[in-house]
Amino acid sequence: RRFCRGAAVAVLLLALLAAYHNSFTASWHFDDFPNIVENAHVHMSALTWESILQSMLGIEQRGLNRPLAYASFALNYYVGGLDVFGYHFVNFAVHCLGALLLFGFIRRTLELPIFKGRYGRHSGEIACLAALFWACNPVQVSAVTYIVQRMAGLGALFYIASLYGYLRGRTVQDGRARAAFYSLALISALLALG
């Protein structure tokens, strides 16, 4: 019997919530201070294109420096100031999305013709377990609970999204869908660098 995708999503989200539920109120630490708390460039008071661009220039304001992460910190600040809950929630959501994309990537990889005969029947279970091991591995704790490490979380999310887009582009038959998935791969790869 095929492992239900909905069950996999539920298992992953429940396991991640159990693992990280107590981190949503953790205080600011170490690099959080210069990058967010003391960085006036991410203290966005008005939602304007200029303030978003300014936040993307980072601390030194001398060129794009991890623009996606800094823009996300600025948006967090705009919504909730320096209340840590919102920052932790976004980090958790980024990590959850990464785990779900990893599940999809592994499941679809195991359903490729070269693997299907051996693993295809249990691709959902294997993918769920692998994504669970990745998402709940203690090495991920700092990427989720240490606010400034959203930079690493976003890098991982978009790297996995790039792999997923490429795999789907290689396996889909429809030309439009293929172009869309290849575009997803390319855009995600660029966002991973950002």
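Taking Cβ atoms as reference points and 15 Å as the exclusive limit, the residues near S27 contribute a net charge of -4, counting Lys and Arg as +1 and Asp and Glu as -1. Per residue, the accessible area of segment 72-194 comes to 51 Å², computed with a 1.4 Å probe over protein heavy atoms only. Cα axis of helix 84-110 to longest principal axis of the chain: angle in degrees, 0 to 90, nearest 10? The helix 84-110 is inclined about 20 degrees to the chain.
Over what distance in Å are the Cα centres of segment 148-194 and segment 1-37 separated? So the separation of the two Cα centres works out to 21 Å.
Taking the 1.4 Å solvent-accessible surface of segment 77-163 as the whole, the part contributed by carbon and sulfur is 70%. Note on H21: accessible area is roughly 110 Å² with a 1.4 Å probe, heavy atoms of protein only. Here the relative contact order of the chain, from alpha carbon pairs under 8 Å that lie six or more residues apart, stands at 24 percent. Backbone phi angles across segment 123-128, fed through the Karplus curve with coefficients 6.51, -1.76 and 1.60 (θ = phi - 60°), yield HN-Hα couplings of 4, x, 5, 5, 5, 5 Hz in residue order; Gly and Pro are listed as x.
The values are calculated or read from the model by the stated rules, or taken from the named source; none is laboratory data. Note that the coordinates shown come from a computational prediction; the quantities given were computed from them, not determined experimentally. Here the Cβ is made from the backbone with ideal geometry for all residues, glycine too, and neighbour counts use every protein chain on show. Please note that ligands, DNA and RNA were not included when accessible areas were found on the heavy atoms of the full protein model with its side chains. Shrake-Rupley method; radii C 1.70, N 1.55, O 1.52, S 1.80 Å.
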